[in-house]
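Colleague: Pasting a structure here, questions to come.
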Amino acid sequence: MLFPFLRPALPEPESWTPYLTTSYDQRYFSNFGPLATDLADRMSKAYLTEDYRGLLCASATAGLVAVLQALDVYGKKVALPDFTFAATVQAVFAAGATPVICDIDPDRWELCPNSLESAFAEHPDIACVIHVRPFGLRRDISAQKAVCRAHGVPLIVDAAAGLGAPNSGHPFGSEDGEIEVFSLHATKVFAIGEGGLIAAPRAMIGAIKAAMNFGFQADRTYGEGQNAKVDEFRAAIGLAMLERMTAITETRSRHAAFYDTVFAGLDGFQTAQDPGPTPWSNYPVVFDEEVTKETLGAFADNGIEIKKYYWPGVLKGYTGPRPVLSVPTPVSFSLQDRCACFPVYSDFTAETGLMIQERIERTLDLLARTRP
Ligand SMILES: Cc1ncc(COP(=O)(O)O)c(C=O)c1O
């Protein structure tokens, strides 16, 4: 495939193995070791407001579980959108809570405040809300925060794909105290292999750190918890990655701007509204019609791999034994069938853009001609 959906780009070993000298000197390879602590400090400064602190974790999924455990949701209900990746609901299950699935907004593709209100009307005992930033899109979420505030429940933001440019002037964290969780998976923009970052108000850090470390308390008794720590090797890759993030995100923004121009000239497509300072792990597009196997195949035949992401959503995707509560989700059901993501590259060039544009136009032309 000339243009695969993903071209993960992690720092080469020469750039991160030297950091490990510290860990080897101290014989300290995990359990909040020197590199993990250093990286968490640097990432806190680069990405978070002063009142927040970053904690590195084994994955965004493990981070979400730890945060839910720290918020004590066992046996309670947690609201989240239908249009998300499996991990969001699986974290709720892992923390021993029951999900209440809500609909999304048709224009912004994220948790709809009205649907969330309906969920609270039906389930006044919802104890926590997870907002998902779809595709890492960095929008104002004050409407969702207002609903959480009105009902007195904490807000977790699953921003798995949301970590991009450091020192951008748009730090994460606010006076509302939401806890934000990012993935550092190999397929994300800030990629270290497997990993995550939890951004939380300083007052919450102790409880989350304990949940990440088997739930141990100072007296060695333990409650809800797991092992969600990250080792020194992953932290070394992260230190090298942080150095590159400015350059990488600039290039990816140019790739996304290129798609903006291409799709602005085509009928029948909706692209992301108000993307804000989004790192563009991929470029989501909502088609007027269902994205079928034929659509995906036609793009693949022309050398571009596009992917249906967050498809199927939670209600159609989860087939396990756990109870799942929900309010109606017609928008998510319609949108998840029509949404596909295009690849975004950290080594994008104008020449690549011309080739991709030509292939997109050729594919759409072919699809239009073969449509019954
Ligand atoms: C919305 C969302 N949440 C959570 C995750 C899980 O992240 P991780 O692979 O780091 O556990 C993903 C992964 O893509 C995701 O898209």
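The values are calculated or read from the model by the stated rules, or taken from the named source; none is laboratory data. In this text the structure is predicted, and so the values were computed from the model without any measurement. Here the Cβ positions follow ideal geometry from the backbone for every residue, glycine too, while neighbour counts run over all protein chains shown. Each accessible area value is taken on the protein alone, full model and side chains, heavy atoms only, with ligands, DNA and RNA left out. Shrake-Rupley method; radii C 1.70, N 1.55, O 1.52, S 1.80 Å.
Colleague: For the range 296-316, give me each residue that is part of a helix (DSSP H, G or I) and either under 18 Å from TYR283 (Cα atoms) or more than 18 Å from the chain's Cα centre (by Cα) (or both). Let's see the steps before the verdict.
Modeller: Within the range 296-316, the subset part of a helix (DSSP H, G or I) is 296-301, 314-316.
LEU296, GLY297, ALA298, PHE299, ALA300, ASP301, LEU315, LYS316, listed by residue number.
Colleague: When you go through THR246, THR221, THR251 one by one, which is the residue that is surrounded by fewer than 18 Cβ atoms within 10 Å (Cβ to Cβ), touching a Pro at 6+ places or on another chain (Cβ under 9 Å) and of a type outside the set (A, V, I, L, M)? Full working, then the answer.
Modeller: Numbers: THR221 fails: touching a Pro at 6+ places or on another chain (Cβ under 9 Å); THR251 fails: touching a Pro at 6+ places or on another chain (Cβ under 9 Å).
Residue meeting the stated conditions: THR246.
Colleague: May I ask you to say which residue of ARG133, ARG149, ARG139 is of a type outside the set (A, V, I, L, M, F, W, C) and within 11 Å of the ligand (Cβ to nearest atom)?
Modeller: Numbers: ARG149 fails: within 11 Å of the ligand (Cβ to nearest atom); ARG139 fails: within 11 Å of the ligand (Cβ to nearest atom).
On inspection, the qualifying residue turns out to be ARG133.
Colleague: Take the residues in the range 124-144 that are over 18 Å from LEU64 (Cβ atoms) and among the basic types (Lys, Arg), then tell me which one is farthest from the chain's Cα centre (by Cα).
Modeller: Checked the range 124-144; the qualifying residue farthest from the chain's Cα centre (by Cα) is ARG139.
Colleague: If a residue must be in contact (Cβ under 8 Å) with a residue 24 or more places away in the chain and either of a type in the set (A, V, I, L, M, F, W, C) or surrounded by fewer than 24 Cβ atoms within 10 Å (Cβ to Cβ) (or both), how many such residues does the range 149-164 contain? Before you say what the answer is, go through the steps one by one.
Modeller: In the first step, residues of the range 149-164 are kept if they are in contact (Cβ under 8 Å) with a residue 24 or more places away in the chain; the result is 149, 151, 153-164.
Filter again for either of a type in the set (A, V, I, L, M, F, W, C) or surrounded by fewer than 24 Cβ atoms within 10 Å (Cβ to Cβ) (or both), leaving 149, 151, 153-157, 159-161, 163.
Count: 11.
Colleague: Additional query: Mind checking which residues of the range 178-218 are open to solvent by less than 30 Å² (accessible area, probe 1.4 Å) and in a loop (DSSP other than H, G, I, E, B)?
Modeller: The initial filter retains those residues of the range 178-218 that are open to solvent by less than 30 Å² (accessible area, probe 1.4 Å), namely 178-184, 186, 189-193, 195-201, 205, 208, 210-212, 215.
Correct list: GLU178, LEU184, ALA186, VAL189, PHE190, ALA191, ILE192, GLY195, GLY215.
Conditions (1) within 22 Å of LEU137 (Cβ to Cβ); (2) in contact with a Lys or Arg (Cβ under 7 Å, 6 or more places away or on another chain), marked per residue:
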| position | (1), (2) |
| --- | --- |
| ARG234 | no, no |
| MET245 | yes, no |
| THR249 | yes, no |
| ARG254 | yes, no |
| ASP260 | yes, no |
| LEU266 | yes, no |
| PRO277 | yes, yes |
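Colleague: May I ask you to verify whether SER174 is away from the ligand (no atom under 15 Å from the Cβ), within 13 Å of GLU110 (Cβ to Cβ) and in the same structural domain as PRO81 (by TED's automatic domain parsing)?
Modeller: So SER174 fails the test.
Colleague: A further question on this structure: Only one of ALA165, ALA161 is more than 16 Å from the ligand (Cβ to nearest atom), within 16 Å of the chain's Cα centre (by Cα), closer than 24 Å to PRO277 by Cα and in the same structural domain as GLU50 (by TED's automatic domain parsing). Can you tell me which? Give the steps one after another, and end with the answer.
Modeller: Numbers: ALA161 fails: more than 16 Å from the ligand (Cβ to nearest atom).
Only one candidate passes the filter, namely ALA165.
Quick grid of which residues meet (1) open to solvent by 60 Å² or more (accessible area, probe 1.4 Å); (2) without any contact (Cβ under 8 Å) to a residue 60 or more places away in the chain; (3) touching a Lys or Arg at 6+ places or on another chain (Cβ under 9 Å):
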| residue | (1), (2), (3) |
| --- | --- |
| ASP72 | yes, no, no |
| GLY75 | yes, yes, no |
| VAL78 | no, yes, no |
| THR88 | no, no, no |
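Colleague: Specify the residue that is farthest from the ligand (Cβ to nearest atom); the eligible residues are those in the range 45-59 that are assigned to a helix (DSSP H, G or I) and open to solvent by less than 30 Å² (accessible area, probe 1.4 Å). Spell out how you get there, then give the answer.
Modeller: Restricting attention to the range 45-59, the residues satisfying the condition of being assigned to a helix (DSSP H, G or I) are 45-47.
Pick out the ones that are also open to solvent by less than 30 Å² (accessible area, probe 1.4 Å) and you get 46-47.
Numbers: ALA46: 19, TYR47: 16 Å.
Residue satisfying both the conditions and the ranking: ALA46.
Colleague: ASP82 is checked against (1) among the acidic types (Asp, Glu); (2) touching a Ser or Thr at 6+ places or on another chain (Cβ under 6 Å); (3) more than 14 Å from the ligand (Cβ to nearest atom) and fails just one. What number does that condition carry?
Modeller: Evaluating ASP82 over (1) among the acidic types (Asp, Glu); (2) touching a Ser or Thr at 6+ places or on another chain (Cβ under 6 Å); (3) more than 14 Å from the ligand (Cβ to nearest atom) leaves (3) as the failure.
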